[in-house]
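Quick notes on the structure that follows.
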Amino acid sequence: MMKRSLLLFFVAASLLTAFVASGCRDIGFRELDVSAKNRASVQQAREVMAQLQQGLRAFYEAKHRYPETNESHLYDSIRVFLPVQLDPINLYRNDNGKGYFIAVGTRSERIIYRYPPTIGVGDYTLYWIGPNGVDEEGEGDDVDAWQPVDTEKHYERQRTADLEGDRDPERLRLIRTGPDIYRDSVRFEVTRRDTIFYSDAWPLSAYFKNRPELTDADRRRMVRTELDRFLSPGAFVHTDSLLYHDWLHWVDIPPKSAEMAEIVHTGELMFNYYAGDRGSKGLAWLPTQKRFAIVWHS
């Protein structure tokens, strides 16, 4: 009797193993290929971000502003404004145990929210860091909420700054027109709502012109480095501080222009940017003339 029971057990085990190996693909246990998994995750991330956009829109209509928070507390800020509550599978407890953050896939695959915006063209930044779990600032496999599906990614960065000093900040936007470093350009704009106060543009090749010793990889890396630091905090300086700091790069740029002479003692906020072989420029608001102007140009 014991031998018969053991025989039946091994037969059943063998049949189960064969079933799992051959038949499970027909009843929901199929192991999906990696690309199919990623496509499913991308679609899920877009659906979640669409829900969040509806919640953000409802929040704005109720409060006339967007939530001033980050991704760690975005869900807690807008949960009552969501038309349909998020699937709990996408919610994870914050590290401090208070509130939730949103991720699609695993805990590390977060949805990023920033206000004021830093990337994209909208009033806020919203994107998913993608299947690799690495925040690439909208690049790489990151999936943004502002571009249609299957469109080529555009490099855009933005920052707000109160250059006029009237507590109504302007939006500074940097836009690369395409990925070809030999044919495409970069455009810089200062806007407020739908009004463009200042704009400038130059070819991407301006960053490596007259550098024949560089490889293509070096040139692409140089362009990316210059664009990534374009709107860094160090690019903003108050003009009166130039009189008191021994900064070597200002030694050769005395306030020769009438515009600089006007504001160098008043402490206006100046934005400095580098346009490759087009030189470096200092942009500031001239209170007496009620306009933006380049107050120095190297």
TODO: Out of Asp141, Asp135, report the one residue that is at pLDDT below 85 and either of a type in the set (Asp, Glu) or assigned by TED's automatic domain parsing to the domain that holds Glu47 (or both).
DONE: Asp141
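Can you tell me which of Asp135, Asp168, Asp144 is closer than 30 Å to Arg65 by Cα, surrounded by fewer than 16 Cβ atoms within 10 Å (Cβ to Cβ), charged (D, E, K, R) and in contact (Cβ under 8 Å) with a residue 24 or more places away in the chain?
After ruling out the rest, the residue left standing is Asp168.
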Task: helices (runs of 4 or more DSSP H) contained entirely in the range 208-298, each with at least 1 residues that are within 31 Å of the chain's Cα centre (by Cα), modelled with pLDDT under 90 and among the hydroxyl-bearing types (Ser, Thr, Tyr) - done: none
- [ ] Please work out which one of (1) touching a residue at least 24 places away in the same chain (Cβ under 8 Å); (2) under 18 Å from Tyr124 (Cβ atoms) is the condition Gly99 fails and give its number.
- [x] (2)
TODO: Give the residues of the range 173-202 that are in a loop (DSSP other than H, G, I, E, B) and not polar (S, T, N, Q), sorted by residue number.
DONE: Gly178, Pro179, Asp180, Ile181, Tyr182, Arg183, Asp184, Arg193, Asp194
Open item on the list: Is it the case, given these coordinates, that Tyr127 is touching a Leu at 6+ places or on another chain (Cβ under 8 Å), surrounded by 13 or more Cβ atoms within 10 Å (Cβ to Cβ) and not in a loop (DSSP other than H, G, I, E, B)?
Closed with: no
Open item on the list: Looking at the range 70-85, I want the residues that are farther than 11 Å from Gly99 by Cβ and have a partner that is among the hydrophobic types (A, V, I, L, M, F, W, C) and surrounded by fewer than 18 Cβ atoms within 10 Å (Cβ to Cβ) with Cβ atoms under 6 Å, at least 6 apart or on another chain. Which pairs are those?
Closed with: Phe81/Ala58
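The values are calculated or read from the model by the stated rules, or taken from the named source; none is laboratory data. All of these numbers come straight from a predicted model, not from anything done at the bench. A quick note on method: Cβ atoms are made from the backbone with ideal geometry, for glycine too, and the neighbour counts reach across all protein chains shown.
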